[in-house]
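As structure tokens, the structure follows; a few thoughts come after it.
The values are calculated or read from the model by the stated rules, or taken from the named source; none is laboratory data. What you are looking at is a predicted structure, and each value in this text was computed from that prediction instead of being measured. Reconstructed Cβ throughout: ideal geometry from the backbone, glycine too, with neighbour counts over all protein chains shown.
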């Protein structure tokens, strides 16, 4: 198994609302399998529910990579906007407004790098905790 497979499956799962995309990876073969409620797509193996060989891939919310990650970045890079961002995150379209703020402050690329680093760290920790060996 390689980390890129886990990472790709994680991005698939996290690219939709919680529970709308699902992925598992076979511990034996390293093969990833995907399903999407949104597009009525399901390539899951028949024995996925009975076979411990498959490990379900987490959503970014499972790894606390949503609002808490945003707030951590704001505390580090633009603490003067913490109240604004906190109120924005409670409304619809929050990430769009958040990214507009970052663009205005020329912090968007720094945010993407921060988000990628933290995501990778969290996913590697999840692999370790779940016995995923590369």
Exercise for the section: Write out, first by first residue and then by second, each pair whose Cβ atoms fall under 8 Å of each other, whose residues are 6+ apart or on separate chains, and whose first residue, in region 89-116, is in the same structural domain as residue 72 (by TED's automatic domain parsing) while the second is surrounded by 10 or more Cβ atoms within 10 Å (Cβ to Cβ) and assigned to a loop (DSSP other than H, G, I, E, B). Expected result: 98/89; 101/78; 105/78; 107/78; 115/65
Practice task
Just give me the residues in region 100-132 being outside any loop (DSSP other than H, G, I, E, B) and more than 17 Å from the chain's Cα centre (by Cα), in sequence order.
Solution key: 100, 101, 102, 103, 104, 108, 109, 110
Exercise for the section: Residue by residue through region 119-134, note down the ones that are within 13 Å of residue 3 (Cα to Cα) and touching a strand residue (DSSP E or B) at 6+ places or on another chain (Cβ under 7 Å). Expected result: 132
Fill in the blank from the handout: residue 73 vs (1) loosely packed, with under 15 Cβ neighbours inside 10 Å; (2) at pLDDT 95 or above; (3) over 24 Å from residue 134 (Cβ atoms): all pass except (1)
Exercise for the section: Considering only region 28-59, state which residues are surrounded by 17 or more Cβ atoms within 10 Å (Cβ to Cβ) and closer than 21 Å to residue 133 by Cα. Expected result: 32, 33, 34, 54, 55, 57, 58, 59
Exercise for the section: Report, by residue number, each residue of region 86-99 that is in contact with a helix residue (DSSP H, G or I) (Cβ under 6 Å, 6 or more places away or on another chain) and not in a helix (DSSP H, G or I). Expected result: 89
Exercise for the section: Kindly indicate whether any position in region 69-84 is closer than 30 Å to residue 1 by Cα and not assigned by TED's automatic domain parsing to the domain that holds residue 8. Expected result: yes
Exercise for the section: Could you list all residues from region 19-76 that are within 16 Å of the chain's Cα centre (by Cα) and assigned to a loop (DSSP other than H, G, I, E, B)? Expected result: 19, 20, 57, 58, 59, 64, 65, 66
